[in-house]
Amino acid sequence: MNHAVTSSQSRIQTAFEMLGRFAFRLFIRQGALPYLLVLAVITFTVVADNFLTADNIFNILRQSSFLVIVALGQMLTLLTGGFDLSVGAVIAVASVAAALAMQWAGASLAESALVVIVVGSLVAMIAGLSIGAVNGIGVSVFGVSPFIMTMGTASIGAGLALYMSGGSPVYGLPMEFSDTLGFGRLAGVSYPVLIMAFAAIVMFIVVHSTRFGRYLFATGGNIKAAQLSGIGTKRSLFFAYALCGLMAAIAGILLTARLDSGDPNIGQAFPLESIAACVIAGVSLRGGIGRVENVIMGAILIGIFKNGMNLSGVDSYMQLVVIGILLITAVIADQFRLKYIARAA
């Protein structure tokens, strides 16, 4: 009898040891992201009765789609060893520019709603691409630090958005714009989620299957070695920031459709949240390390936390505290993981 009990205890202990080794190996490979996802789902499922429902899951995906798009652009700059603090201002400028362009097109061109929407969207994307290009020129050509450069353009962009709009939301957009891109669905899936999925596929191909993607990793990994290898690091830096601005502008267009107005005050939380999504996903702040699929999950994780906290009645100000704690925890865990990998090598 004692032998059977001892044997059973031994098997349980062995199973726990195997589970612990598997969990540690998973952490070394993927970082803290899988554990934070499991923790979030379990916690909010227990706390909020309607968290783990089909309607709320689709709602989380829709709410997260804007951050996913911005985070994918932010990932490009982080891969080069920099970051972009101006994405929030780009969203605001794109929103106001799109709304004003649609107002002008509707009054001047007198064309169909589709033409008006296309004109407004193109103006917004050009505005975002232009701000991103300015960041890229400052960082790559003039050697300005990403922090100073993007903080400066963030201030300029925020001021431009307020100036163009007079500090108030811009209304009078075509109903079709909001009905389609804001609240419309295709085969039961909202358009922001579909656009997010398309952007994710394109970004995955660009980052992991093109020469430009390889150059980004090389530039962030060791810029001097990349230059000696003949890689155009200045070009890589320029396009990384330009594309980051474009991605932020796309998110701005979708948010404008959701709000049915051009708002100069939207996007303020996106610089922190987009960097947090990338860092939680294991993208190195030093550059050269990151995966697109992990960034998507990192952004969705933040969406899960925000949705779960809303359902649980957590104050909006405390939600900022939680996001900050998540970011710090992820950075500490990533540092521990990298040190372990370095010792093992």
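Could you work out the helix-only [θ] at 222 nm for the chain, with each DSSP H run of four or more residues adding -39,500 (n - 2.57) and the total divided by the number of residues, to the nearest 500 deg cm²/dmol?
Values: 13 runs with 263 residues, N = 345.
Helices in the chain give a 222 nm mean residue ellipticity of -26500 deg cm²/dmol.
Can you bin region 99-203 into rounded, prolate or oblate? Criterion: square roots of the alpha carbon gyration tensor eigenvalues sorted a ≥ b ≥ c, rounded for a/c under 1.5, prolate for a/b above b/c, oblate for the rest. All intermediate terms of the calculation are to be shown ahead of the outcome.
Details: a/c = 2.40, a/b = 1.44, b/c = 1.67.
Here region 99-203 falls in the oblate category.
For a modelled paramagnetic label at Ser112, 7 Å from Cα along Cα-to-Cβ, the residues of region 153-193 in reach, with backbone nitrogen under 18 Å, are 174-181. The Cβ shell under 12 Å around Tyr340 holds other residues with a net charge of +4, Lys and Arg each +1, Asp and Glu each -1.
Residues Arg25, Arg185, Arg291 in ascending order of nearby Cβ atoms (within 10 Å, fewest first): Arg25, Arg185, Arg291. Toward the positive end of the charge dipole of the chain, with +1 on the Cβ of Lys and Arg and -1 on the Cβ of Asp and Glu, the farthest Cα among Gln227, Ala257, Val134 is that of Gln227.
Pick from Met149, Met175, Met297: which is most flexible by mean-square fluctuation in a GNM of the chain where alpha carbon atoms under 10 Å apart are linked? Most flexible of the set in this elastic network: Met175. Comparing Gly157, Gly172, Gly106 in a Gaussian network model of the chain, where Cα atoms under 10 Å apart are tied by springs, the biggest mean-square fluctuation is seen for Gly172.
Quote to one decimal, in nm, the extra length available between Gln268 and Leu194 on full extension: 0.36 nm per residue of separation minus the C-alpha distance between them. List each step's numbers first, then the result.
Working: separation 74, 0.36 × 74 = 26.64 nm, distance 2.41 nm.
Gain in length upon complete extension: 24.2 nm.
Of the listed peptides 115-123, 74-82, what is their order by residue-averaged count of other C-beta atoms within 10 Å, with the highest listed first?
On the way: 115-123: 20.2, 74-82: 27.6.
The densest-packed peptide leads the list: 74-82, 115-123.
Across all directions, the average flat footprint of the convex hull enclosing the Cα atoms of region 95-137 is 2.8 nm².
Placing pseudo-labels 7 Å out from each Cα toward the beta carbon at Gln13 and Trp104 gives an inter-label distance of 7.6 nm.
Karplus-derived 3J(HN,Hα) values for region 199-207, using 6.51 cos²θ - 1.76 cosθ + 1.60 with θ = phi - 60°, are 4, 5, 5, 4, 5, 4, 5, 4, 6 Hz; glycine and proline are entered as x. With the charge dipole of the chain set up from +1 on Lys and Arg Cβ and -1 on Asp and Glu Cβ about the Cα centre, the Cα lying farthest toward the positive end among the listed residues Val202, Thr329, Val68 is that of Thr329.
If you take the square roots of the eigenvalues of the alpha-carbon gyration tensor of region 147-207 and sort them as a ≥ b ≥ c, do you get rounded (a/c under 1.5), prolate (a/b over b/c) or oblate? Write down the numbers at each step before the final one.
Details: a/c = 4.69, a/b = 1.25, b/c = 3.74.
Since a/c reaches 1.5 but b/c is at least a/b, the shape of region 147-207 is classed as oblate.
The Cβ shell under 14 Å around Asn135 holds other residues with a net charge of 0, Lys and Arg each +1, Asp and Glu each -1. Given axes a ≥ b ≥ c from the Cα gyration tensor, I'd like to know whether region 129-253 is rounded (a/c under 1.5), prolate (a/b larger than b/c) or oblate. Since a/c reaches 1.5 but b/c is at least a/b, the shape of region 129-253 is classed as oblate. Okay, which of region 45-76 sit inside 13 Å, backbone N to the point 7 Å along the Cα-Cβ direction of Leu186? Label zone hits: none. Computed on the Cα atoms alone, the convex hull of region 32-340 gives a volume of 136 cubic angstrom per residue. Extension gain, Ile201-Ile42: 0.36 nm per intervening residue step, less the Cα-Cα distance, totals 54.3 nm.
Read-outs: derived from the displayed coordinates by stated rules, not from any lab. This structure is a prediction, so every number in the text was calculated from the model and none was measured. All Cβ positions, glycine included, derive from the backbone under ideal geometry; neighbour counts span all protein chains shown.
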